[in-house]
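Trainee: One structure coming up, written as structure tokens, with questions to follow.
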Amino acid sequence: MNFKKIVFASLIAMQAFSLKATDPDEGMWLPMLINKNYDDMKKIGFKLTASDIYNVNQSSLKDAIVSMGFCTGEMISADGLMLTNHHCGYGSIQFNSSVEHDYLTDGFVAKTKEEELRSPEVIASFLIRMEDVTPQILAATTGLGDVEKDAKMKEITKTLTTEATTGTHYQAVVRDVFGGNQYLLFVYERFTDVRLAFAPPSSVGKFGGDTDNWMWPRHTGDFSIFRVYMGKDGKPAAYSKDNVPYKPKKHLNVSMKGINEGDFAMIMGYPGRTNRYAFSREMQNAVERTNPAIIKLMGKRLEVMDADMKNSDDTRIKLAATYASLANSWKYYLGQNEGLIKLDVISGKQATENDFNTFANSTDALKTKYSTVLTNVNTIYDELKTYALRNSYYSLAGMSTVSIRMSDLVKPITEQLKKTPVDETALKAAIDKVKADLDATYKDYVPANDEKVMAALLSIYYTDIPQSDQPAILAEIVKKYKGKTTEESFAKFAADLFKKSFITSKEKMNAFLAAPSLKKIDSDPLIQYVNKMNDYRATFAPAVMKLQASLAKEKKLYIAGMLEMNPNKLVYPDANSTMRITYGKVAGYTAKDAIVYNYYTTSRGMLEKYIPKNDEFDIPEKLVSLLKKKDFGPYTNDKGELPVAFLTDNDITGGNSGSPVINGNGEIIGVAYDGNWEAMTGDLVFDKAFKRTIVCDIRYVLFIMDKYAGATNLVNEMTLVK
């Protein structure tokens, strides 16, 4: 297949190549083209049709799948119940928690719809349709220079999204795939009134804590339940007591039949980002520079947060969601770095690049297109590596505290005050917007902890990075705030800054908003610090952005060449937070020599791990009693066991958290929530031997809701099938 056919063909052609070269368990497939995979799916146990998965003219499984923006959910009742992970709902559970109502610790059950809790940070978006718009975009942008092309891209995407949504309440976005070789339009219906209906206690939802995170065997009840609401006219509406439960076009039936090894398993959801076309130099940079920096700096921040969280329930609740997210990312990068080294992924990528070079130089026509790609990439990375630590430490040590991000609140006010003359109406609007968000902004803010985090991270920044590569303000701080140690100097600086800044106190912020002035803004020590840090970033950011733009061009060519090099291989694009389908089987795996993992776990494993009063492995007394008595209700397997989790060989990544795992009949059998430690390089390369998805068995979900928490009202809404 020639270059033009690869780069400029429609997306349908992209996913229409021969299936013989791809394992069925690998791939994040586009739903509108899933008919191309249908024969493979049918061979391993899929019993529905392709149109049962994706259909724009009648209800299909796609209509039950929810994008939450950062996770996936699914409709499990005709009255708008949405199932997702506990860790996806964690921010909402924390938002609604207090020392008096500690839903993080105790869990939450809404016995009536009136008891459901508002969750303003949760959204529910449903895919209406997707469309290949590559011809329109290429026709408008081909032959343009970089600046002209960027401007034209904004213009044409605005035109396309406007045309797709005119006369509707829908929203639309255009996303590129295959490194910018293809473009897709996605149309969504977005609901913002979403309410918490059920959450297990964290001892269930986070059972195993950081120790078990990314590990198998697993016994975590990682699920929560929300309800989506709509206006009485059936359309999305802002939160109102007058809203009614959303009536989905499709909701998933809940299978009580259970699973066996080898059963068909399909996952539909919104995977965030993969980088399967990453260059070897990209991975080398991660292993040697960026990942160790991330691990060290995130680890220190977690350490400081954890100490304060253990000393105060109020602090624990306020920091819980942030801590959980950071801890998950920290362990991810730890595992990725270990996997890159242990599995020798870089050598594998180098071998692929050698094959590409051979192909690129095999004919004069190919030489013209591709022969310089990898040479150019190496030159770019030679330059980028000089900025790698500078960039990482600036972001993660210099600018990562909550207070620094909160300083953005006053930017719109600053812009208005700088105008001559000042537009009093616009200024008031800017002030009113900050006031409206003030309670939410400061609700979970713990300045004492943020002060400690800033001091600790800046001390590491000053110590680790040569002064020639660090912002001058760090040396200024050490010189001004003389301490016996570097740590003491930065502690003194942070204490002084937090004492004097109006950003670090809701009361002082309110006082500022009552009489804002440029003088107050310019003299604020936190804002002065941020300005100096931004001045420092300006010394290297333009160069980095230019190099990254050059790298993106080379990667686009590289991907086009890889596609041309493999014309008989079914190709899927990298994940980009759009709906994808992955299919495979329920499957255990061999982790190491003589370590063979079974495909499912049971409540017996929970009792084996149970440690009373332990932060990670404690279990509520009532649950212990139920498990010891084997009072499992109708939620057992054929052996009389209570299944807790199982494994599939599906291909998922971050963003798939909360995705439904669906059997061959289109019924939900579990909720995906994690990957396994041995395959932490999965975003970069698919490893058939190790790559597994960890799933919360739907029968364990029902057991916790029904037998443990008494949420029979919610279980009764579901369509259970045997």
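The values are calculated or read from the model by the stated rules, or taken from the named source; none is laboratory data. It should be emphasised that the depicted structure is a prediction, and the values quoted were computed from it without experimental measurement. As a convention, Cβ positions derive from the backbone with ideal geometry for all residues, glycine included, and neighbour counts pool all protein chains shown.
Trainee: So, of the residues in segment 221-244 that are among the polar types (S, T, N, Q) and in contact with a strand residue (DSSP E or B) (Cβ under 7 Å, 6 or more places away or on another chain), which turns out to be surrounded by the most Cβ atoms within 10 Å (Cβ to Cβ)?
Mentor: The extreme case among them is Ser224.
Trainee: Which one of these is in the same structural domain as Met298 (by TED's automatic domain parsing) and buried (at least 16 other Cβ atoms within 10 Å of the Cβ): Gln416, Gln336?
Mentor: Gln336
To keep it simple, each residue is scored yes or no on (1) in a strand (DSSP E or B); (2) surrounded by fewer than 17 Cβ atoms within 10 Å (Cβ to Cβ).
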{"residue": "Val596", "(1), (2)": "yes, yes"}
{"residue": "Thr601", "(1), (2)": "yes, no"}
{"residue": "Lys613", "(1), (2)": "no, yes"}
{"residue": "Phe617", "(1), (2)": "no, no"}
{"residue": "Lys622", "(1), (2)": "no, yes"}
{"residue": "Leu626", "(1), (2)": "no, no"}
{"residue": "Asp631", "(1), (2)": "no, yes"}
{"residue": "Asn637", "(1), (2)": "no, no"}
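Trainee: Of all residues in segment 365-395, which are of a type in the set (Phe, Trp, Tyr), surrounded by fewer than 20 Cβ atoms within 10 Å (Cβ to Cβ) and in a helix (DSSP H, G or I)?
Mentor: Scanning segment 365-395 gives a single hit, Tyr381.
Trainee: Can you work out which of the residues in segment 95-112 that are in contact (Cβ under 8 Å) with a residue 24 or more places away in the chain and more than 23 Å from Tyr700 (Cβ to Cβ) is surrounded by the most Cβ atoms within 10 Å (Cβ to Cβ)?
Mentor: Checked segment 95-112; the qualifying residue surrounded by the most Cβ atoms within 10 Å (Cβ to Cβ) is Ser97.
Trainee: Within the group Asp697, Asp687, Asp651, which residue is acidic (Asp, Glu), within 18 Å of the chain's Cα centre (by Cα) and within 19 Å of Gly584 (Cβ to Cβ)?
Mentor: Only one candidate passes the filter, namely Asp651.
Trainee: So which of Glu115, Glu155, Glu121 ends up being touching a helix residue (DSSP H, G or I) at 6+ places or on another chain (Cβ under 6 Å) and either touching a residue at least 12 places away in the same chain (Cβ under 8 Å) or closer than 30 Å to Lys443 by Cα (or both)?
Mentor: Glu121
Trainee: Based on this model, can you work out whether Thr425 counts as surrounded by fewer than 17 Cβ atoms within 10 Å (Cβ to Cβ), in a helix (DSSP H, G or I) and of a type in the set (Ser, Thr, Tyr)?
Mentor: Yes; evaluated as a whole, the condition is true for this residue.
Trainee: Of all residues being over 12 Å from Glu383 (Cα atoms) and surrounded by fewer than 18 Cβ atoms within 10 Å (Cβ to Cβ) in segment 546-560, which is farthest from the chain's Cα centre (by Cα)? Just the residue, please.
Mentor: Lys553
Trainee: Tell me yes or no: at least one residue of segment 58-73 is over 18 Å from Thr220 (Cβ atoms), modelled with pLDDT under 95 and either of a type in the set (Phe, Trp, Tyr) or not assigned by TED's automatic domain parsing to the domain that holds Val228 (or both).
Mentor: Yes.
Trainee: I've got another one for you. Would you be able to say whether some residue in segment 14-24 is at pLDDT 50 or above and not aliphatic (A, V, I, L, M)?
Mentor: Yes, because at least one residue in segment 14-24 is at pLDDT 50 or above and not aliphatic (A, V, I, L, M).
Trainee: Quick test for you: out of Ala307, Ala286, Ala324, pick the one residue that is aliphatic (A, V, I, L, M), under 22 Å from Ile93 (Cβ atoms) and assigned to a helix (DSSP H, G or I).
Mentor: Ala324
Trainee: What residue, of Ser523, Ser501, is closer than 30 Å to Lys480 by Cα, modelled with pLDDT of 95 or more, touching an Asp or Glu at 6+ places or on another chain (Cβ under 7 Å) and among the small types (Gly, Ala, Ser)?
Mentor: Selected residue: Ser501, the only one of Ser523, Ser501 that is closer than 30 Å to Lys480 by Cα, modelled with pLDDT of 95 or more, touching an Asp or Glu at 6+ places or on another chain (Cβ under 7 Å) and among the small types (Gly, Ala, Ser).
Trainee: OK, next. Can you name the number of the only condition in (1) touching a Lys or Arg at 6+ places or on another chain (Cβ under 7 Å); (2) closer than 30 Å to Cys88 by Cβ that Leu343 fails?
Mentor: It fails just one condition, (1).
Trainee: Continuing with the same structure: Can you pull out every residue in segment 258-283 that is in a strand (DSSP E or B) and in contact with a helix residue (DSSP H, G or I) (Cβ under 7 Å, 6 or more places away or on another chain)?
Mentor: Met268
Trainee: Is it the case that Lys609 is touching a residue at least 60 places away in the same chain (Cβ under 8 Å) and either touching an Asp or Glu at 6+ places or on another chain (Cβ under 7 Å) or not assigned by TED's automatic domain parsing to the domain that holds Val377 (or both)?
Mentor: yes
Trainee: Got a number for residues in segment 665-722 being within 30 Å of Glu115 (Cα to Cα), touching a helix residue (DSSP H, G or I) at 6+ places or on another chain (Cβ under 6 Å) and assigned to a loop (DSSP other than H, G, I, E, B)?
Mentor: Counting residues in segment 665-722 that are within 30 Å of Glu115 (Cα to Cα), touching a helix residue (DSSP H, G or I) at 6+ places or on another chain (Cβ under 6 Å) and assigned to a loop (DSSP other than H, G, I, E, B) gives 1.
Trainee: Right, next: Of everything in segment 277-317, what is more than 16 Å from Asn391 (Cβ to Cβ), basic (Lys, Arg) and surrounded by fewer than 19 Cβ atoms within 10 Å (Cβ to Cβ)? Give them in sequence order.
Mentor: Lys300, Lys310 - these are the residues of segment 277-317 that are more than 16 Å from Asn391 (Cβ to Cβ), basic (Lys, Arg) and surrounded by fewer than 19 Cβ atoms within 10 Å (Cβ to Cβ).
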